[in-house]
Amino acid sequence: MSREPLLRLTSAGLYCSRGGFHIDPWNPVACAVVTHAHGDHAVRGSRKYLAAESGSLILQHRMGPRAQIQTLPFGQAIDLDGVQVSLHPAGHILGSSQVRVEHKGEVWVVSGDYKVAPDTTCAAFEPVKCHTFITESTFGHPNYHWEPQSVTFAEIHDWWRDNQAQDRASLLYAYSLGKAQRLLAGLDSGIGPIHAHPSVEEMNVFYRQSGIDLPATRSPKGEMSPSEWSRSLILMPPASRWEKGLHFHGHYSTAFASGWMVLPGEPAKRGVERGFALSDHADYSELLAAIAATEAERVLVTHGYIDEFVATLKSRGYDAAPHKSFRCKRPPRVPE
Ligand SMILES: [Zn+2]
């Protein structure tokens, strides 16, 4: 006799009918458990949200002031119609969580986006034991391997110093929620002044209000002497590459910080001179290690290299299957 799985995909997204809630739905629903505030996981309009306490300021900002958001500290369970739900750190951005769902001894965990590399701006990824693990696979291909972040930060610092020596500012493009703050926390502010584009600074403020220690930043829109310009590193959101008015102070060099930059030719494709492969997702081997740590019998794969990663998992003896919807047929090309 087949029975309905604890979580299943519906037209609104991943749904738990026993508990009456969705996880990261892409349409408004009655109760949305949200793993994190990125736009492909959190949408406006649901009647009620459940999310991690540490990311509540950012989620409230993104969902709007009228959104009803209930928060949970990591590890604390709540009962939703007989289903136990708890949130556990995913290490992706501030407040990012994995969702653990338990019913009559059966445990599922939904990873959301996750990374295992250290990041002082959010709680570290925590392996959660379960029977079924739904994993993302953004970088679930052997092409993707991250160097230790100390190596990547050293490359960024060298690029910054080299630009200073050539009297040009360093414009570093990075996703404004999560990546920019991780960069800010890891950059050596002794090298020179750090500026943040207003949309990056908006997120910096929420991080600081949430208790995350970030160095002071200035706005690149204000008055700047030629010598300050050429010593500065400026954190910019990717879309601002086409903005007018921020480049008028003098010469500059451009770079992009993203996992996709590990691919040759990617910086040129994005219209920048340099790429730094710093990702807020696990790389291929990190995904495999994280999955092994869950001790899951069954692994469902979503968001990214779904078919390739399912094949990898099957070849390693897992009961693996794609967990596809029209929303996640291809690797996302967002710069994270
Ligand atoms: Zn994300």
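Accessible area, 1.4 Å probe, largest first: how do ARG8, ARG316 sort? The partial results should precede the final answer.
Numbers: ARG8 85, ARG316 140 Å².
Reading off the accessible areas and sorting them downward yields ARG316, ARG8.
Can you tell me how much longer the chain between LYS324 and ARG298 gets when fully stretched, taken as 0.36 nm per residue apart minus their C-alpha distance, in nm with one decimal?
On the way: separation 26, 0.36 × 26 = 9.36 nm, distance 1.54 nm.
Taking 0.36 nm per residue and subtracting the Cα distance, the gain is 7.8 nm.
Hey, what angle do you get for helix 306-315 against the long axis of the chain, alpha-carbon based, 0 to 90 degrees rounded to 10?
For helix 306-315, the angle is close to 60 degrees.
Work out how much length ARG161 to ASP213 would gain on full extension: take 0.36 nm times their residue separation and subtract the Cα-Cα distance, in nm to one decimal.
Numbers: separation 52, 0.36 × 52 = 18.72 nm, distance 2.42 nm.
The ARG161-ASP213 span can extend by a further 16.3 nm.
How much solvent-accessible surface does SER176 expose, in Å² to the nearest 10, with a 1.4 Å probe and all protein chains in place?
So the heavy atoms of SER176 present about 20 Å² to solvent.
Within 10 Å, at most 10 other Cβ atoms, and a DSSP state outside H, G, I, E, B define an exposed site. Report the longest part of the chain free of exposed chymotrypsin sites (Phe, Trp or Tyr not before Pro).
Segment 1-247 is the longest.
Using a 1.4 angstrom probe on the protein heavy atoms only, could you order HIS281, HIS249 from most to least accessible area?
Details: HIS281 5, HIS249 40 Å².
In descending accessible area the options line up as HIS249, HIS281.
Take ALA124 and LYS48, extend 7 Å from each Cα along the Cα→Cβ direction, and tell me the distance between the two endpoints in nm.
Computed distance between label sites ALA124 and LYS48 equals 3.5 nm.
Heads up, I need the accessible area for THR120: 1.4 angstrom probe, whole protein in place, Å², nearest 10.
120
Sorted by accessible area with a 1.4 angstrom probe, largest first, how do ILE78, ILE234 fall? Please report the intermediate quantities before stating the final value.
Numbers: ILE78 30, ILE234 5 Å².
Correct descending sequence by accessible area is ILE78, ILE234.
Could you state the angle between the C-alpha long axis of helix 149-165 and the longest principal axis of the C-alpha atoms of the chain, as a value from 0 to 90 degrees rounded to the nearest 10?
20
Over all directions, what mean area does the Cα convex hull of segment 73-126 project, stated in square nanometres?
Details: hull surface 14.5 nm².
Spelled out: convex hull of the Cα atoms, projected over all directions, averaged, 3.6 nm².
To the nearest 10 degrees, how steeply does helix 284-294 sit against the main Cα axis of the chain, on a 0 to 90 scale?
40
When 1/r is averaged over all different Cα pairs and the result inverted, which Kirkwood radius in Å belongs to the chain?
Working: mean 1/r = 0.0483 Å⁻¹.
Kirkwood radius, the chain: 20.7 Å.
Hey, got a sec? Which trypsin sites (Lys or Arg not before Pro) in segment 79-134 land in a DSSP loop and have at most 14 other Cβ atoms within 10 Å? Please report the intermediate quantities before stating the final value.
Values: sites: ARG100, LYS104, LYS115, LYS129; in loops: LYS104, LYS115, LYS129.
For trypsin sites (Lys or Arg not before Pro) across segment 79-134 that sit outside H, G, I, E and B with at most 14 neighbouring Cβ atoms in 10 Å, the list reads LYS104, LYS129.
Any of LYS104/LYS129; LYS129/LYS314; LYS179/LYS324 with alpha carbons more than 22 Å apart? Name them for me. It would help to have the intermediate numbers written out before the result.
Details: LYS104/LYS129 15 Å; LYS129/LYS314 19 Å; LYS179/LYS324 26 Å.
Check vs 22 Å cut-off fails for LYS179/LYS324.
Points 7 angstrom from Cα along the Cβ direction at THR10 and GLN84: gap in nanometres?
It works out to 2.4 nm between the two label points.
Subtract the Cα-Cα distance of GLN68 and VAL205 from 0.36 nm times their separation in residues, and report this length gain in nm to one decimal. Walk me through the numbers before you get to the answer.
Numbers: separation 137, 0.36 × 137 = 49.32 nm, distance 2.18 nm.
Contour length minus Cα-Cα distance gives 47.1 nm.
Roughly speaking, what is the centre-to-centre gap between segment 78-106 and segment 2-77 when only Cα atoms are used, to the nearest Å?
Computed from Cα coordinates, the inter-centre distance equals 11 Å.
Taking all pairs of distinct Cα atoms, average 1/r, flip it, and tell me the Kirkwood hydrodynamic radius of segment 124-280 in Å to one decimal place.
Values: mean 1/r = 0.0604 Å⁻¹.
16.6 Å is the Kirkwood radius here.
What figure in square angstrom, to the nearest 10, would you give for the accessible area of LYS48 with a 1.4 Å probe?
Roll a 1.4 Å probe over it and LYS48 shows about 80 Å².
The values are calculated or read from the model by the stated rules, or taken from the named source; none is laboratory data. Worth saying up front: this structure is predicted, and the values here are computed from it rather than measured. Ideal geometry is used to build each Cβ from the backbone, glycine not excepted, and the neighbour counts take in all protein chains shown. Keep in mind that these areas ignore ligands, DNA and RNA; they rest on the heavy atoms of the full protein, side chains included. Shrake-Rupley method; radii C 1.70, N 1.55, O 1.52, S 1.80 Å.
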